[in-house]
Amino acid sequence: LPFLDRRDEFLKFSLVRKSWTALARFTRATAPACARDIRIAIDFGMHNDRRRNDATGYTYDGEYELSHKGLSAVPMTLYCYNIQSDRPTEFLSLQQDGRTNYSFAPAGGSCVGRSVRTSFGKLRIDPWSLTVKTDDYTFAETSGGPLHQSYWNGQRIVRLNAVPYATARDSLGNYHHHNTNHGRMLVNDPNTVSPEASGTAMIDLRGTCFGVENAVTDDPQDGAFRCMGYVSYGRISVKDRGSCHNTYQRIHLAGGGYAGRLAPHADRTRDVTVFGGNYDDEGSNGGWVLPL
């Protein structure tokens, strides 16, 4: 910089910069918005009472109150994981057990192998966008599997070792939905099938401050969930509203098709095209796709 042509002026500038950096870090520590801010607070000597021993030594991992986007008026409690690492992460602890927070894909149809059920204890969440990464299995348990799903034209096989959160999928064809709702959803349908009959999933956010927005809408294109895949179908049943307008905390999903699923609206796959057809929305899924 032209105004820093003397060494003594550069020293002053450097000291000011360090002061502002230290102030910014202290501000982040006193109003944390993410796990990295908690790490900074620990570096300042805060939260020493949270230190505890585990199998690998001592850790500060645990539940912390964070402020959404640093605004103290919007508090939330998240689990900060690997907090002393270079990349600490945030999880939402589910107060209900895996019996009401699971995704299930049955064997049958074009899926050969053992049925797969994945139960979730915590959800990986972005504290800034409040979006869930549905295929993070750090705090999940899977029973059964693997399933080998062949595509409708027989040109590809997908191996399923786990099922992402908020995803109901199967390859049972039209046996369970009787050709009544291809490519669309039946909302609050009393005929939502049992967990062992077709692809199902349950979301239970009771006991947290979060809910799924627009789980039920007049226009499926605007909803939080969407039927996708080959000859897909889906059913949704909602039971408990969240504290915010048009949000629900307890949701039952049932879906599938010949190679279909009912999953978060943003969970799309458009990466493979082959002779005689394509694989759009039929393959593996998951990612940062479920906003709360």
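The values are calculated or read from the model by the stated rules, or taken from the named source; none is laboratory data. Keep in mind the model is a prediction, meaning the values are calculated, not measured. A quick note on method: Cβ atoms are made from the backbone with ideal geometry, for glycine too, and the neighbour counts reach across all protein chains shown. With ligands, DNA and RNA removed, areas are computed over all heavy atoms of the protein, side chains included. Shrake-Rupley method; radii C 1.70, N 1.55, O 1.52, S 1.80 Å.
Just for strands (runs of 3 or more DSSP E) wholly inside the stretch 200-292: which have at least 1 residues that are over 23 Å from P127 (Cβ atoms) and at pLDDT 85 or above? Ranges flagged: 200-204, 225-241, 247-264.
In the stretch 38-91, the residue that is nearest to R124 (Cα to Cα) out of those that are within 24 Å of the chain's Cα centre (by Cα) and among the charged types (D, E, K, R) is E90.
The rows are residues; the columns are (1) hydrophobic (A, V, I, L, M, F, W, C); (2) exposed (fewer than 15 other Cβ atoms within 10 Å of the Cβ).
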| site | (1), (2) |
| --- | --- |
| D54 | no, yes |
| E65 | no, yes |
| F91 | yes, no |
| V112 | yes, yes |
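Can you tell me which residue is nearest to S232 (Cα to Cα) among those in the stretch 61-84 that are in contact with a Lys or Arg (Cβ under 9 Å, 6 or more places away or on another chain) and modelled with pLDDT under 90? Taking the candidates together, the pick is G70. Only residues that are closer than 14 Å to F104 by Cα, touching a strand residue (DSSP E or B) at 6+ places or on another chain (Cβ under 6 Å) and open to solvent by 30 Å² or more (accessible area, probe 1.4 Å) were counted in the stretch 120-143, giving 3.
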